[in-house]
Amino acid sequence: MDHVIPLAPGAPHQRQRTHLDGVEYVLELHWSEREAQWYLTLRDRNAALICGPMKVVVSWPILLSRRGVAGVPPGELLAADGRETPAEPGLDELGDVVQLLYRDTQSSSPTELGA
């Protein structure tokens, strides 16, 4: 099942608590002005680093290269662009035209996760 993780478009630094597969995590998103790129850091509920920062790339599994890292959730995080021609999200686009999704091990329709 895909879960939409609500974000604040235009906010260059975001930190939120989110449950992924029943476990609480802290997600940190940081906009790099120099690179014009979003980065995501994943932390446990106590804010201890699990992995990151990881570049947020549209339609590319963010956690794929971190599969062997302890604490990484079993599902996948990805940025989904609903435009006809997908593009990397700009500062104001992540959480708007580009959604951050968590895909758990089930498949169904998208639902929104509480922050």
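What longest region of the chain stays clear of trypsin sites (Lys or Arg not before Pro) that DSSP places outside H, G, I, E and B and that have at most 14 other Cβ atoms within 10 Å?
Values: sites that count: Arg34, Arg45, Arg67, Arg83.
Between exposed loop sites, the widest span is 1-33.
Below 12 angstrom from the Cβ of Val98, what's the summed charge of the other residues (Lys, Arg +1; Asp, Glu -1)?
Values: positive: Arg83; negative: Asp81, Glu88, Asp92, Glu93, Asp96.
Surrounding charge for Val98 is -4.
For the chain, which span is the longest to avoid every loop-located (per DSSP) member of GluC sites (Glu not before Pro) having at most 14 other Cβ atoms inside 10 Å? Mind showing how you got there, number by number?
Numbers: sites that count: Glu33, Glu35, Glu84.
In short, 36-83.
With a 10 Å Cβ neighbour count serving as the proxy for reagent exposure, in which order, fewest first, do Thr105, Thr18, Thr41, Thr85 appear?
On the way: Thr105 10, Thr18 19, Thr41 16, Thr85 5.
Fewest-to-most ranking of Thr105, Thr18, Thr41, Thr85: Thr85, Thr105, Thr41, Thr18.
How large is the translational diffusion coefficient of the stretch 13-97 in µm² per second when you combine the Kirkwood radius over alpha carbon pairs with Stokes-Einstein at 37 °C and 0.692 mPa s? Walk me through the intermediate numbers first.
On the way: Rh = 13.5 Å.
Reported coefficient: 244 µm²/s.
In whole percent, what relative contact order does the chain give with Cα contacts below 8 Å and a gap of six or more residues? Intermediate values should be presented prior to the final figure.
On the way: 260 pairs, mean separation 42.3, N = 115.
For the chain, the relative contact order is 37 percent.
Around Tyr39, with a cut-off of 11 angstrom between Cβ atoms, what is the net charge of the other residues, counting Lys and Arg +1 and Asp and Glu -1? Let's see the in-between values first.
Details: positive: Lys55; negative: Glu28, Glu35.
Here the count lands on -1.
Computed from the coordinates by the stated procedures, all read-outs in this text should not be read as laboratory data. Because the structure is a prediction, the values reported are computed rather than measured. Every residue, glycine among them, receives a Cβ derived from its backbone with ideal geometry; neighbour counts consider all protein chains shown.
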